[in-house]
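To start, the structure itself, in structure tokens.
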């Protein structure tokens with residue numbers, strides 16, 4: 001999908017506003033495109049809008065509760081918002097869905113939790 005590629009190019013350049021617009025266009029074309037929803041959350045996160053990122057990651061989890069990256073990034077947003085207990089739960093869910101996923105395992109350890 002061209003919108004996704006445009007978003008990825010903009011994100012790689014650090015143009016998160018343009019990337020967000022591209023991901024929003026992708027979601028207009030395919031509202032069930034969970035990866036675009038996660039990438040939109042990433043744009044929000046990168047600009048310091050952790051609450052906005054959390055909204056997008058929650059939507060992604062609602063769209064596909066088995067998508068481990070959405071849970072992982074939701075954990076990041078929760079941790080950035082100081083909601084550590086909820087972040088731990090999200091990271092644990094990501095690991096439950098994908099036991100080989102290194103990101104949430106590392107983040108749990110950084111929070112002083114066992115994976």
Exercise. Which of the residues spanning segment 19-52 are buried (at least 16 other Cβ atoms within 10 Å of the Cβ) and more than 21 Å from residue 77 (Cβ to Cβ)?
Worked result: 25
Exercise. Has segment 88-98 got any residue that is more than 27 Å from residue 112 (Cβ to Cβ), in a loop (DSSP other than H, G, I, E, B) and modelled with pLDDT of 95 or more?
Worked result: no
Seminar exercise, completed: Of (1) farther than 28 Å from residue 30 by Cα; (2) surrounded by fewer than 20 Cβ atoms within 10 Å (Cβ to Cβ), residue 55 fails just (1)
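The values are calculated or read from the model by the stated rules, or taken from the named source; none is laboratory data. Keep in mind it's a predicted model, so treat the numbers as computed, not measured. Heads up, the Cβs are rebuilt from the backbone with ideal geometry, glycines too, and the neighbour counts pull from every protein chain shown.
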